[in-house]
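The values are calculated or read from the model by the stated rules, or taken from the named source; none is laboratory data. Everything numeric here is computed off the predicted structure, so don't read it as measured data. We place every Cβ from the backbone using ideal geometry, glycine too, and count neighbours over all the protein chains shown. The accessibility values were calculated without ligands, DNA or RNA, using every heavy atom of the protein model including side chains. Shrake-Rupley method; radii C 1.70, N 1.55, O 1.52, S 1.80 Å.
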Amino acid sequence: MPTDPLTPAVSARICTHMNDDHAEAVLDYARHYGGINAPESARMVAVTPNSMELDVDGSKLQIPFDHTLTDSEDAHRTLVAMLRAMPKN
């Protein structure tokens, strides 16, 4: 199955999915990778080849990826791997 390049439309689709179906994961990204101790709200607003952008409690937060993403499948694998790399509570 072909994958989609990371266009603005694909970024919007990823963000909508994460915000609607994985809101706790977005908070986890803000806590673990963004260093925000107790975020009250977090929304993913963009996914680019180099980073994800979150809106955390009204402030922008850029979280870089460990490599340049190539497409939507790479974005999926990377976001999942980042969650799995977090310590379990």
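Quick one: which of PRO87, PRO39 is more than 13 Å from the chain's Cα centre (by Cα) and either modelled with pLDDT under 95 or within 14 Å of HIS22 (Cβ to Cβ) (or both)?
Numbers: PRO39 fails: either modelled with pLDDT under 95 or within 14 Å of HIS22 (Cβ to Cβ) (or both).
Residue meeting the stated conditions: PRO87.
Being among the β-branched types (Val, Ile, Thr) and open to solvent by less than 60 Å² (accessible area, probe 1.4 Å) is the filter; apply it to the range 32-57 and report the residue that is farthest from MET82 (Cα to Cα).
Going through the range 32-57, the residues among the β-branched types (Val, Ile, Thr) turn out to be 36, 45, 47-48, 56.
Okay, now just the ones that are also open to solvent by less than 60 Å² (accessible area, probe 1.4 Å), so 36, 47-48, 56.
Details: ILE36: 16, VAL47: 14, THR48: 15, VAL56: 18 Å.
Only one residue fits best here, namely VAL56.
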Worksheet, complete the sentence: Residue hits (the range 22-49; of a type outside the set (Ser, Thr, Tyr), closer than 18 Å to ALA9 by Cβ and not in a strand (DSSP E or B)) are PRO49
Worksheet item: Of the residues in the range 59-70, how many are closer than 16 Å to PRO5 by Cα and either open to solvent by 30 Å² or more (accessible area, probe 1.4 Å) or under 11 Å from the mean Cα position of the chain (by Cα) (or both)?
Response: 3
Worksheet, complete the sentence: THR3 passes all but one of the listed conditions (1) more than 21 Å from ALA85 (Cα to Cα); (2) outside any helix (DSSP H, G or I); (3) open to solvent by 70 Å² or more (accessible area, probe 1.4 Å); the exception is number (3)
Worksheet entry | Those residues of the range 29-80 which are at positive phi and of a type outside the set (D, E, K, R), in sequence order | GLY35, GLY58
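Suppose we keep only residues that are assigned to a loop (DSSP other than H, G, I, E, B) and either among the charged types (D, E, K, R) or in contact with a Phe, Trp or Tyr (Cβ under 7 Å, 6 or more places away or on another chain) (or both) within the range 50-82. Which one would you say is farthest from CYS15 (Cα to Cα)?
ASP66
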